[in-house]
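One structure below.
The values are calculated or read from the model by the stated rules, or taken from the named source; none is laboratory data. Quick caveat, the model's predicted, so the values are computed rather than measured. Glycine also receives a Cβ, built like all others from the backbone with ideal geometry; neighbour counts cover every protein chain displayed. Surface accessibility is based on the protein's heavy atoms, side chains included, excluding ligands, DNA and RNA. Shrake-Rupley method; radii C 1.70, N 1.55, O 1.52, S 1.80 Å.
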Amino acid sequence: MAEENARVSVEIRDHVAHVTLTRADKMNAVDKHMLAAVIQAAEEVAASDARAVVLSGEGKSFCAGLDVMSFAAMGQMQDTGWIMDRTEGDANDFQAVAMMWRALDIPVIAALQGATFGAGLQIALGADMRIAAPDAKLAVMEMKWGLIPDMGGMALLPQLVRSDVLRMLTYTATPVEAEQAERWGLVTEIAEDPLARAQALAAEIAGKGPNAIRAAKRLIAYAESGASAAEVLLRESEEQAALIGKPEQMEVVMANMQKRPPVFK
């Protein structure tokens with residue numbers, strides 16, 4: 001197995017992709033191999049028949065952030081081209097580890113425990129939902145190292161938290177408890193077993209109409225993009241017109257009437 005692959009595992013069962021950070025001995029800290037492995041995992045899921053994703057980390061923490069020692073040499077480089085290069089669409093590799101999950105056309109649910117700091121928080125922000133254990137702590141950690149969040153955080157955080165909360169988190173790098181994170185909108189809900197809860201949610205979503213779920217994710221993203229009300233209303237109608245009366249939607253109706261799970265081709 002390649003060293004990159006050793007950092008992340010991908011298993012697809014019953015149309016749910018289980019993507020797991022597997023560097024528990026280092027609190028799943030992101031080094032260059034983890035960076036490559038997360039991008040590879042997102043690409044693998046995108047090419048699969050998965051209808052939902054559970055994103056988790058082995059061990060006591062979801063992800064404690066960047067492996068500082070691994071990237072120390074980069075901080076001493078005068079040439080910052082590696083930051084400015086757009087290697088994954090609109091993003092560089094560091095931003096892609098978060099943005100690729102948001103760009104997937106299926107829902108992603110992150111299960112968080114322990115430290116979810118810096119890079120780890122930004123990876124989790126790429127998910128549609130975040131389920132946190134009571135012991136989870138979240139932090140925009142970059143200011144501790146004299147840096148700003150630069151892994152998609154500023155594209156994603158303003159959609160979740162108020163401006164004053166965003167500024168406090170960014171300026172201070174102070175970790176917050178799960179309950180506070182939930183109140184502020186960083187966390188969707190708190191569960192004693194966040195992985196089990198995330199898996200249950202993913203299974204529920206995977207049982208819905210796949211085309212309808214994808215349409216819903218597209219529509220939500222469009223509605224959050226700053227489009228006008230008129231544009232959103234038109235997009236609603238366009239997406240609905242592509243679903244209503246089609247075989248998938250008719251199967252959902254029949255399954256509901258017959259009180260059975262729908263079967264999708």
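Determine if the stretch 123-139 includes at least one residue that is more than 22 Å from Val38 (Cβ to Cβ) and either over 13 Å from the mean Cα position of the chain (by Cα) or surrounded by fewer than 24 Cβ atoms within 10 Å (Cβ to Cβ) (or both). I'd like the intermediate steps shown before the answer.
Filtering the stretch 123-139 for residues more than 22 Å from Val38 (Cβ to Cβ) gives 134-135.
If we keep only those that are either over 13 Å from the mean Cα position of the chain (by Cα) or surrounded by fewer than 24 Cβ atoms within 10 Å (Cβ to Cβ) (or both) as well, we get 134-135.
There is at least one residue in the stretch 123-139 that is more than 22 Å from Val38 (Cβ to Cβ) and either over 13 Å from the mean Cα position of the chain (by Cα) or surrounded by fewer than 24 Cβ atoms within 10 Å (Cβ to Cβ) (or both).
Results for (1) assigned to a loop (DSSP other than H, G, I, E, B); (2) over 21 Å from Leu66 (Cα atoms); (3) of a type in the set (A, V, I, L, M), shown as yes or no for each residue.
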position	(1), (2), (3)
Ile148	yes, no, yes
Leu156	no, no, yes
Val165	no, yes, yes
Leu169	no, no, yes
Thr174	yes, no, no
Glu182	no, yes, no
Ala198	no, yes, yes
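Each residue in the stretch 229-265 was checked for being within 29 Å of the chain's Cα centre (by Cα), open to solvent by less than 50 Å² (accessible area, probe 1.4 Å) and small (Gly, Ala, Ser), and 0 of them qualify. When the stretch 103-117 is filtered for residues that are open to solvent by 10 Å² or more (accessible area, probe 1.4 Å) and within 10 Å of the chain's Cα centre (by Cα), the ones remaining, listed by number, are Ala103, Leu104, Pro107.
Exactly one residue out of Gly81, Gly75, Gly89, Gly59 is at pLDDT 95 or above and surrounded by fewer than 24 Cβ atoms within 10 Å (Cβ to Cβ): that is Gly59.
Taking the stretch 85-128 as the range and being over 16 Å from Ser61 (Cβ atoms) and of a type in the set (Phe, Trp, Tyr) as the test, the residues that pass are Phe94, Trp101.
Condition test on Ala223, is it surrounded by fewer than 18 Cβ atoms within 10 Å (Cβ to Cβ), at negative phi and not hydroxyl-bearing (Ser, Thr, Tyr)? Yes; evaluated as a whole, the condition is true for this residue.
In this structure, Thr188 does satisfy being closer than 29 Å to Ala242 by Cβ, open to solvent by less than 70 Å² (accessible area, probe 1.4 Å), of a type in the set (S, T, N, Q) and touching a helix residue (DSSP H, G or I) at 6+ places or on another chain (Cβ under 9 Å).
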